Amino acid sequence: PGRVKWWPFNTTWMFLYFIMAAVSAFEAQEPILSGFTLFKLVRAYLLFWCIVSTIRSGIPLRAVWRGLMAIGVLIMFKALQQKYLMGAYRIPATFDHPNTLAMYLNMLIAPLLAIGLADRALSTGRAVATAILSMGMLLVVVWTFSRAGMLLGVFTVVGLLLFANLR
């Protein structure tokens, strides 16, 4: 294992993308929406950095898997509760807006599904549970009725499955 890497792989490209987004925010008609998007980019990078640092610092992949599974179970529980007990049309689960939930889940579905498909240390039952929970998280993305989230979710899962089959 290694130490915490303060500037992980692809950070330069992410930083340049953030700078371009910040420059374009100056021209925006609704500055508050641009600010919200910039804040989401920072939060997405922090999630990326935490996962990279966690894996590089020697914490086993199984711990990352457990964390992702716990997040998935919690969000599935809240989504089912809101959808069927409260009758919500668009599911925000633990977030303030359904679109935010869709983007958050799309960041987590791919690594969780990749671990479930590729980690040989997982038993068959755990691998199947991981795949089912990943598809359940994709269903929650559909329940948010976020068009961009649904499109990104489908492309993410199909792309991951194609890549997994090629490997």
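The values are calculated or read from the model by the stated rules, or taken from the named source; none is laboratory data. No experiment lies behind these values; they were computed from the predicted model shown. Using ideal geometry, Cβ is built from the backbone for each residue, glycine included, and neighbour counts are taken over all protein chains shown. Only protein heavy atoms, including side chains, enter the accessible area calculation; ligands, DNA and RNA are left aside. Shrake-Rupley method; radii C 1.70, N 1.55, O 1.52, S 1.80 Å.
See the values below:
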{"item": "Set 43, 66, 62: member being without any contact (Cβ under 8 Å) to a residue 60 or more places away in the chain and exposed (fewer than 13 other Cβ atoms within 10 Å of the Cβ)", "result": "66"}
{"item": "Restricting the stretch 100-109 to residues that are surrounded by 18 or more Cβ atoms within 10 Å (Cβ to Cβ) and not aromatic (Phe, Trp, Tyr), the residue that is nearest to residue 146 (Cα to Cα)", "result": "102"}
{"item": "Candidates 63, 21, 28, 44 - the one that is at pLDDT below 90, in a helix (DSSP H, G or I) and touching a Ser or Thr at 6+ places or on another chain (Cβ under 8 Å)", "result": "63"}
{"item": "Test: residue 33 is open to solvent by 40 Å² or more (accessible area, probe 1.4 Å), part of a helix (DSSP H, G or I) and in contact (Cβ under 8 Å) with a residue 24 or more places away in the chain", "result": "no"}
{"item": "Qualifying positions in the stretch 130-167 - small (Gly, Ala, Ser) and in contact (Cβ under 8 Å) with a residue 60 or more places away in the chain", "result": "134, 136"}
{"item": "Residues (part of a helix (DSSP H, G or I) and open to solvent by less than 90 Å² (accessible area, probe 1.4 Å)) located in the stretch 1-18", "result": "11, 12, 14, 16, 18"}
{"item": "Filter result (among the small types (Gly, Ala, Ser), in a helix (DSSP H, G or I) and more than 17 Å from residue 164 (Cβ to Cβ)) within the stretch 94-129", "result": "102, 125, 129"}
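For every residue, the table says whether it meets (1) more than 21 Å from residue 44 (Cβ to Cβ); (2) assigned to a helix (DSSP H, G or I); (3) open to solvent by less than 70 Å² (accessible area, probe 1.4 Å).
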residue: 76; (1), (2), (3): yes, yes, yes
residue: 80; (1), (2), (3): yes, yes, no
residue: 92; (1), (2), (3): no, no, yes
residue: 131; (1), (2), (3): yes, yes, yes
residue: 137; (1), (2), (3): no, yes, yes
residue: 141; (1), (2), (3): no, yes, yes
residue: 155; (1), (2), (3): no, yes, no
residue: 164; (1), (2), (3): yes, yes, yes
